Amino acid sequence: MTQPLQVVLAGRIGSYDTGMQLWKLAPNPVDLMVIDGAGHYEMYDEPEYVDAAVERLTHFHMNNL
């Protein structure tokens, strides 16, 4: 990977593990966000989790891409 990397993870066990593997493999990780209390499926359509992720993603992309 040559681009900055941001990983947004659901904080529940199982959802978290795969994302952390990706994070550890990246040559230059830049930003990691773990959304406590969220599971994988809640990250798709529950506003309390989605809104937090989108806000962080927007800021990251504006500054890095």
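The values are calculated or read from the model by the stated rules, or taken from the named source; none is laboratory data. What you see is a predicted model; the values in this text were computed from it and never measured. Note that we place each Cβ from the backbone using ideal geometry, even for glycine, and neighbour counts take in every protein chain shown. Accessible surface areas use protein heavy atoms only, side chains included; no ligands, DNA or RNA. Shrake-Rupley method; radii C 1.70, N 1.55, O 1.52, S 1.80 Å.
Quick check on my filter: what residues within region 38-50 are touching a residue at least 24 places away in the same chain (Cβ under 8 Å) and either open to solvent by 30 Å² or more (accessible area, probe 1.4 Å) or out of contact with any Ser or Thr (no Cβ under 9 Å at 6 or more places or on another chain) (or both)? Lay out the reasoning, then the answer.
Keep residues of region 38-50 that are touching a residue at least 24 places away in the same chain (Cβ under 8 Å), which gives 38-40, 42-43, 49.
Scanning region 38-50 gives H40, E42, M43, Y49.
Name, by its number, the condition in (1) in contact with a helix residue (DSSP H, G or I) (Cβ under 6 Å, 6 or more places away or on another chain); (2) open to solvent by less than 70 Å² (accessible area, probe 1.4 Å) that does not hold for L57.
Among (1) in contact with a helix residue (DSSP H, G or I) (Cβ under 6 Å, 6 or more places away or on another chain); (2) open to solvent by less than 70 Å² (accessible area, probe 1.4 Å), the lone unmet condition for L57 is (1).
Under 7 Å between Cβ atoms, at least 6 apart or on separate chains: pull out the pairs that start in region 6-27 with a residue that is among the hydroxyl-bearing types (S, T, Y) and end on any residue that is open to solvent by 80 Å² or more (accessible area, probe 1.4 Å) and not in a helix (DSSP H, G or I).
Going by the 7 Å Cβ cut-off, the qualifying pairs are S15/H40.
Of the residues that sit in region 1-37 and are in contact with a Leu (Cβ under 9 Å, 6 or more places away or on another chain) and hydroxyl-bearing (S, T, Y), which one is least open to solvent (accessible area, probe 1.4 Å)?
Restricting to residues being in contact with a Leu (Cβ under 9 Å, 6 or more places away or on another chain) and hydroxyl-bearing (S, T, Y), the top hit is S15.
Can you spot a residue in region 15-26 that is in contact with a Lys or Arg (Cβ under 6 Å, 6 or more places away or on another chain) and either of a type in the set (F, W, Y) or farther than 19 Å from Q3 by Cα (or both)? I'd like the intermediate steps shown before the answer.
Start the filter on region 15-26 by keeping residues that are in contact with a Lys or Arg (Cβ under 6 Å, 6 or more places away or on another chain), which leaves none.
No, because not a single residue in region 15-26 is in contact with a Lys or Arg (Cβ under 6 Å, 6 or more places away or on another chain) and either of a type in the set (F, W, Y) or farther than 19 Å from Q3 by Cα (or both).
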